[in-house]
Amino acid sequence: MKLAVCISHVPDTATKITIGADGKSIDTTGVNYIIGPYDEYAIEAALRLKEKMTGEVVVISLGGDAHKESLRKALAMGADKAVLLKDASPRDSFSVARAVADYLKEFSPDITFFGKQAVDYDNSAVGLMVAEMLGLPSAAVVVKFEVKDGSLLAEREIEGGHEVVEVKLPAVLTMQKGEYEPRYPSLKGIMAAKSKPIEERQPSASSPKVEILSMLKPPPKPAGKIVGTDASAVPELVRLLHEEAKVI
Amino acid sequence: MKILVFAEQRDNKFKKPAFEAVRAARTIADEWGGNVVALVLGSNVSSIAPELGGYGATKVLTVEDARLGLYSSTAYAKIVAEVARNQQPDAVFIPATAMGKDLAPRVAVKLDAGLVADCTALKLEEGELRATRPVYAGKALIEVRALAPVNIYTLRPNVFTAGASSGTTAPVEGVNVTLDEADFLSVVKEVKQSSAKLDVAEADIVVTGGRGLKGPENFAMIEGLAAALGGAVGASRAVVDAGWRPHDEQVGQTGKTVSPSLYIAVAVSGAIQHLAGMSSSKYIVAINKDKDAPIFQVASYGIVGDAFEVVPALTAEVQKLLGKGSS
């Protein structure tokens with residue numbers, strides 16, 4: 001099977017966000033970048049499928065040279081090949097999806113994996129846009145799946161439960177935390193990754209459809225009230241919730 | 001000016017975010033001077049469709065087909081795009097639910113539209129729609145304008161107010177869209193309801209337990225408080241990773257983002273990833289032994305104390321107030 005995994009290279013989820021000088025993006029000074037946490041589930045899912053059915057896993061990322069760090073880590077986890085669609089300029093979801101879809105057209109994987117969302121802009125859009133651009137079916141927010149005779153059965157998270165979706169291959173999956181706890185790269189994997197190729201490609205260009213006008217911090221929460229230090233504070237807490245906040 | 005709203009239903013019942021999206025569209029349309037056209041897809045939805053008038057829909061379009069009873073991203077996207085092409089709206093509103101988030105990117109591609117996902121505020125400025133949406137899991141907000149002739153906005157559930165229905169019914173018009181086998185490349189075979197009655201992302205009150213509860217057995221206390229309040233049980237990441245609770249209860253950056261009216265965090269320290277997922281809740285109560293726990297920084301009310309003493313007392317007090325029996 002030909003398996004593709006599209007990964008993002010994003011600020012660590014523990015990052016404290018400060019707004020950059022342009023007022024439209026974050027200040028990246030001192031920010032530690034990682035593979036998106038959901039993208040790690042996607043890598044793990046692809047690797048397990050390859051181990052079960054044989055095949056090739058190609059990881060793809062769109063961005064500047066810094067993304068090579070995350071691609072290298074994916075190779076160390078066990079991916080066979082990496083492709084950097086090299087363009088460091090900011091793009092909206094549509095424009096990222098267009099470039100990724102254009103690349104995938106020539107590679108035509110059986111399954112293309114994404115994380116359910118990139119944890120920077122949280123759009124949850126690129127994977128599904130790519131599916132639509134390629135005319136492929138998809139299942140999003142998948143916690144587990146099984147491949148069977150030219151189709152797959154995926155379980156995806158919805159409000160109050162799960163949906164079991166049958167999807168014909170080739171297909172796109174966007175992954176959620178679930179069955180695929182990502183492995184740590186082994187020492188052998190890290191060594192092997194050094195000799196694996198990272199191919200650089202010029203991604204196709206397209207004009208954005210969304211413009212960011214400004215970025216700001218959420219309004220600060222008004223200082224809270226410590227009601228007490230033990231169970232004796234409970235009646236007062238309930239009174240506040242009932243009479244002041246009016247939420248119960 | 002016209003706004004087309006995808007009004008999500010499951011089991012022939014509208015989801016609350018559908019009412020919220022219709023009402024939000026009405027608010028914008030009133031200011032702009034225009035109509036709100038709602039679109040309902042399903043197997044037998046013409047009987048529920050008129051209700052949307054009560055939330056501000058001018059007209060409701062229905063597309064009915066036995067195969068639309070359960071969601072199919074490919075078929076639903078085809079229909080929404082086709083209706084949008086015929087209706088020529090200025091904007092399409094879709095609830096940012098599991099279904100809406102799955103549908104919107106596909107519709108955007110079909111219509112060559114801009115997609116503004118997970119909006120938490122919408123306003124008219126300089127004659128165009130401006131949206132505010134959270135980024136970095138809510139650690140920052142961006143103000144966005146979409147640039148295409150028609151644009152799609154998904155609306156975060158529980159943020160826009162649906163209000164009560166005015167009781168007005170809207171005229172309903174059936175629309176035919178030809179569907180063939182090739183439109184059903186992905187189909188939902190089954191919906192598995194989780195054992196919890198109420199989903200943490202949909203609940204108006206959430207009671208979350210953290211690592212400080214020491215073991216899964218102590219979540220009975222959290223369930224008891226949630227039941228007394230008519231709320232849902234949430235869990236911190238540490239608790240889910242330890243296998244005490246299922247992942248669909250996880251609140252935070254690798255779990256669900258919630259914004260209930262009342263969020264009670266019990267023995268949750270408040271890691272930055274957790275705060276990102278719940279700090280937009282309207283009122284936050286923190287119960288934690290550690291007075292320096294970061295959760296107190298976002299709490300409206302706090303009790304610095306032992307959860308094992310405070311929570312049972314709180315459950316009893318709530319039951320006394322609300323007159324509910326023990327659960």
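All of the numbers you see were taken from the coordinates with simple rules; none came from a lab. Since we're looking at a predicted model, the values are computed, not measured. Here the Cβ positions follow ideal geometry from the backbone for every residue, glycine too, while neighbour counts run over all protein chains shown.
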How long are the semi-axes of the equivalent ellipsoid of chain A, defined as square roots of 5 times the Cα gyration tensor eigenvalues? Whole Å, largest first.
37, 24, 19
What Rg and what Dmax come out for the range B:2-183 when only alpha-carbon atoms are used, in angstroms?
15.1, 45
In degrees, nearest 10, range 0 to 90: what is the angle between the Cα axis of helix B:307-322 and the longest Cα principal axis of chain B?
60 degrees
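Percent relative contact order of the range B:183-296, based on C-alpha pairs within less than 8 angstrom and at least six residues apart?
26 percent
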Measure nothing fancy, just the Cα-based angle from helix B:16-32's long axis to the longest principal axis of chain B, in degrees from 0 to 90, nearest 10.
60 degrees
Taking the alpha-carbon centre of each part, the distance from the range B:222-242 to the range B:20-65 in Å is 35 Å
Prolate/oblate/rounded call for the range B:205-322, Cα gyration tensor, a/c under 1.5 rounded:
rounded
Between 0 and 90 degrees, rounded to the nearest ten: what's the tilt of helix B:98-111 against the longest Cα principal axis of chain B?
30 degrees
Cut-off under 5 Å, modelled amide H: who pairs with A:ALA82 long-range:
A:VAL59, A:GLU199
A:SER195-B:GLU31 pseudo-label distance in nm [points 7 Å out on the Cα-to-Cβ vector]
6.3 nm
At a 10 angstrom cut-off on C-beta neighbours, averaged per residue, how do the peptides A:232-238, B:249-255, B:39-45 rank from highest to lowest?
B:249-255, B:39-45, A:232-238
How crowded by other chains is B:253-259, given as the mean number of beta carbons from other chains within 10 Å of each beta carbon?
3
So, in Å, what gap is there between the alpha-carbon centers of the range A:157-180 and the range B:250-327?
31 Å
Label zone at B:PHE308 (point 7 Å along Cα-to-Cβ), backbone N below 11 Å, the range B:190-231:
B:213-215, B:218
Expressed in angstrom and ordered largest first, the alpha-carbon extents of the protein assembly as shown along the principal axes are 68, 65, 50
Please compute, for peptide A:234-245, the average count of beta-carbon atoms on other protein chains lying within 10 Å of each residue's beta-carbon.
6
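Is it possible to state the helix-based mean residue ellipticity at 222 nm for chain A, with each DSSP H run of 4+ residues giving -39500 (n - 2.57), the sum divided by total residues, to the nearest 500 deg cm²/dmol? What is it?
-8000 deg cm²/dmol
Quickly estimate the mean residue ellipticity at 222 nm for chain B, helices only: each DSSP H run with n ≥ 4 gives -39500 (n - 2.57), and the total goes over all residues, rounded to 500.
Working: 7 runs with 85 residues, N = 327.
Calculated from helices alone, the mean residue ellipticity at 222 nm is -8000 deg cm²/dmol.
Counting only C-alpha contacts under 8 Å and six or more residues apart, can you give the relative contact order of the range B:101-165 as a whole percent?
Values: 98 pairs, mean separation 23.4, N = 65.
Computed over the range B:101-165, the figure is 36 percent.
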Semi-axes of the equivalent ellipsoid for the range A:1-66, please: Cα gyration tensor eigenvalues, times 5, square-rooted, ordered largest first, whole Å.
32, 12, 7
Quick note, the range A:49-128: a/c under 1.5 would make it rounded; otherwise a/b > b/c is prolate and the rest oblate (a ≥ b ≥ c, C-alpha gyration tensor); here it is prolate
Which of the pairs A:LYS2/A:LYS144; B:LYS78/B:LYS123; A:LYS148/A:LYS196; A:LYS68/A:LYS144; A:LYS116/B:LYS2; A:LYS86/A:LYS177 have their Cα atoms more than 24 Å apart in this structure?
B:LYS78/B:LYS123; A:LYS148/A:LYS196; A:LYS68/A:LYS144; A:LYS116/B:LYS2; A:LYS86/A:LYS177
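As a test, work out the antiparallel percent of DSSP beta bridges whose residues both lie in the protein assembly as shown, rounded to the nearest 5.
35 percent
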Report, in whole Å, the centroid distance computed from the Cα atoms of the range B:76-99 and the range A:1-80.
31 Å
Rel. contact order, % - alpha carbon contacts under 8 angstrom, at least six apart, chain B
14 percent
Fewest Cβ neighbours within 10 Å first, please rank A:THR229, B:THR58, A:THR54, A:THR174 accordingly.
A:THR54, A:THR229, B:THR58, A:THR174
Mind checking the mean number of beta-carbon atoms from other chains within 10 Å of the Cβ atoms in B:93-101?
3
If we count other beta carbons within 10 Å of each Cβ, what is the order of B:THR208, B:THR120, fewest first?
B:THR120, B:THR208
